[in-house]
Every structure is written in structure tokens, then in C-alpha cells.
């Protein structure tokens, strides 16, 4: 599990990188008039603001539990990451599409691209900044996989994307990937416009950037929606818990295990078990303590105070 300090490192890397890129793209857009560069400008300014929201999520999630929020504020991270996904879709994506659509709705007559060399220089610099940001985010993402002893393969990466519960690393990683893809699309569309003299390619680039942003935003929204509703722990960690409890000889049957993430590193666990017959009160208490200990050992981020063991009778 990635620590809060490491998550902040990824956010700050993306924040300062995106701010520098956004200002550079804005200057390039004003001097060249490129539609796809305007789309990239909206994208970078949106990403910069998004990093600020992620930092707010990290800070507010650390507030202490109170009488109203008795399980703490851990889900603040999921909420702000969900807001980021909405902004990527609603601001960056929609504005990029609007610029591209306006060209084909009659704006092509006034569309001119000048000083294109500026665009290529800015896009090259942006690529370097974004590549560094995604390198930092991916290193943390990779660390989660390596620390648990798995090999870094493509199927493992895809599975980790689906099962990772850290919205900060996931959001930064997805944002940076979308940014790199957007830069490539903008560069290719500008090059085609230069080579052919047809500015429609530039407008098509803006449309494609908008579509890419919306697809990535939908993915992020879907992941964070699940965590806000109350997504359970991963199948991998569920199996660890089940195997650990099943290994206790006094446990006859595991009736159910229900889990819910309260934060990336905080989970609520309710487990129903049936014990063997003829255990006295002291023995039962010892078994319950053993169950809590085994679960905490099997999954290190589980807080013993949030493990609830219920004893049920096995029907005969």
C-alpha cells in the first residue's frame, strides 16, 4: 500500500509540471491559433486545478473521526477524485469537442495556424514534463505490485488498474497517460495540417483529444463511484482473510465475510463464523481474538478496531 507521503509526491510532480505546461500551451495557442493546441491548453489548466483538488482530498481525509462521522473522513479522497473525473469530462473534454465541432460548423473560414514551430517546441517540452510525472506515478503504482511479490507483467498491470483502491495514484496515472496521448494527437494533427495545408486535421485533433479525455474521465468516475458506494476489498485480499480464518481449528464454518473500504488503507470487516461445539466462554473469547489477529496479519492495512466478528450457530 502506497503511503500518503508518496501519493503527495506524485501529486506535486503532476501539479508543477502541468502548471508550467499549461502556461506554455496558452502562449503557443495565442500566437498560433491552433485548435488542437487550445484543446491541450484547456486540458493542462484543468489538470493543474485537479491536482489541487486531490491535495484537498488527501488533507481532509486525515481529519479525526467525530460523533457525526464515526468512521472518519477517509472517503474524502474518493469524493475529490470523483470530482476530478467530472471536471476532466465536463471542462477539458467538452471544451475540446466544442472547438473541433465549431470548425466544421462554419468556423473553418477564419481558422488559421501561424508560427507552428512554437507549437512543436511547446509540445516537446510538455511531453518531457508529462513523461517525468507519469514516471513518478508509475513507480509508485509498480511498487504496490512488487512489494507483494508479483511479477510486473501486462495482465498483472491491467488487473491492478481494476483492483487498486488508491484514488490518488490512479487519478494521477490516468491523467498523465491521457496528457501524453493528447500531446501525441496534437502533434500529429498539427503536422498533417502543415504538410497538407488543410486545417481540418487540426480540428480533428481537437475532437480526438476531447474523446480521449471523456473516455479516461468515465473510467475514473466509474472507479471512484464504486469506492464511494462502498466497494469491498480485492479478491486477492479477500482470499488471504478467508484462508487465515479457515486455518483456525476452532472455526467450523465461515458463514460470510463482508468488507468495505473506508479509505485506501482503511477497511471495515464483518465476519460471521460458526465455531466447534463445547467451547467455554474463555475459549470463545480467545478464538475471536485469534480471528482478529489473523486478519490483521494477513492484510496489513486492516485496523483491528474495525473487525467485527459475529458467532452464529451452524444449522444441522
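Check whether at least one residue in the stretch 153-175 is more than 19 Å from the chain's Cα centre (by Cα) and not assigned by TED's automatic domain parsing to the domain that holds residue 263, and report yes or no.
For the stretch 153-175, residues more than 19 Å from the chain's Cα centre (by Cα) and not assigned by TED's automatic domain parsing to the domain that holds residue 263: present.
Quickly run through the stretch 237-258 and pick out the residues that are in contact with a helix residue (DSSP H, G or I) (Cβ under 7 Å, 6 or more places away or on another chain) and not in a loop (DSSP other than H, G, I, E, B).
Of everything in the stretch 237-258, those that are in contact with a helix residue (DSSP H, G or I) (Cβ under 7 Å, 6 or more places away or on another chain) and not in a loop (DSSP other than H, G, I, E, B) turn out to be 240, 241, 244, 245, 251, 254, 257.
Would you mind finding the one in 39, 13 that is part of a helix (DSSP H, G or I), surrounded by 24 or more Cβ atoms within 10 Å (Cβ to Cβ) and either in the same structural domain as residue 182 (by TED's automatic domain parsing) or touching a residue at least 60 places away in the same chain (Cβ under 8 Å) (or both)?
After applying the criteria, what remains is 39.
Please work out if residue 125 is in contact with a helix residue (DSSP H, G or I) (Cβ under 8 Å, 6 or more places away or on another chain), touching a residue at least 60 places away in the same chain (Cβ under 8 Å), closer than 18 Å to residue 207 by Cα and outside the structural domain of residue 305 (by TED's automatic domain parsing).
It is false that residue 125 is in contact with a helix residue (DSSP H, G or I) (Cβ under 8 Å, 6 or more places away or on another chain), touching a residue at least 60 places away in the same chain (Cβ under 8 Å), closer than 18 Å to residue 207 by Cα and outside the structural domain of residue 305 (by TED's automatic domain parsing).
Being over 24 Å from the mean Cα position of the chain (by Cα) and either surrounded by fewer than 23 Cβ atoms within 10 Å (Cβ to Cβ) or modelled with pLDDT of 80 or more (or both) is true for just one of 70, 51. Which residue is that?
The unique qualifying residue is 70.
Are any residues in the stretch 170-197 out of contact with any helix residue (DSSP H, G or I) (no Cβ under 6 Å at 6 or more places or on another chain) and buried (at least 17 other Cβ atoms within 10 Å of the Cβ), and if so, which ones?
Listed by number, the list holds a single entry, 170.
Residue by residue, here is whether (1) more than 14 Å from the chain's Cα centre (by Cα); (2) at pLDDT below 85 holds:
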position	(1), (2)
83	no, no
88	no, yes
91	yes, yes
101	yes, no
114	yes, yes
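For residue 269, indicate whether it is more than 25 Å from the chain's Cα centre (by Cα), at pLDDT 95 or above, surrounded by 14 or more Cβ atoms within 10 Å (Cβ to Cβ) and under 22 Å from residue 147 (Cβ atoms).
For residue 269, the condition - more than 25 Å from the chain's Cα centre (by Cα), at pLDDT 95 or above, surrounded by 14 or more Cβ atoms within 10 Å (Cβ to Cβ) and under 22 Å from residue 147 (Cβ atoms) - is not met.
I want to confirm something. Restricting to the stretch 247-257 and keeping residues that are loosely packed, with under 13 Cβ neighbours inside 10 Å and over 15 Å from residue 313 (Cβ atoms), which single residue is nearest to the chain's Cα centre (by Cα)?
The selected residue is 247.
Among the residues of the stretch 273-284, how many are closer than 14 Å to residue 312 by Cα and not in a loop (DSSP other than H, G, I, E, B)?
Within the stretch 273-284, residues that are closer than 14 Å to residue 312 by Cα and not in a loop (DSSP other than H, G, I, E, B) number 4.
State whether the residues of the stretch 198-220 include one that is loosely packed, with under 13 Cβ neighbours inside 10 Å and more than 24 Å from the chain's Cα centre (by Cα).
No, the stretch 198-220 contains no residue that is loosely packed, with under 13 Cβ neighbours inside 10 Å and more than 24 Å from the chain's Cα centre (by Cα).
When the residues of the stretch 50-72 are filtered to those that are in contact with a helix residue (DSSP H, G or I) (Cβ under 9 Å, 6 or more places away or on another chain) and free of Cβ contacts under 8 Å to residues at least 40 places away in the same chain, which remaining residue is farthest from residue 224 (Cα to Cα)?
It comes out as 63.
The values are calculated or read from the model by the stated rules, or taken from the named source; none is laboratory data. Predicted model, so just to flag it, every value in this text is computed and none were measured. As a convention, Cβ positions derive from the backbone with ideal geometry for all residues, glycine included, and neighbour counts pool all protein chains shown.
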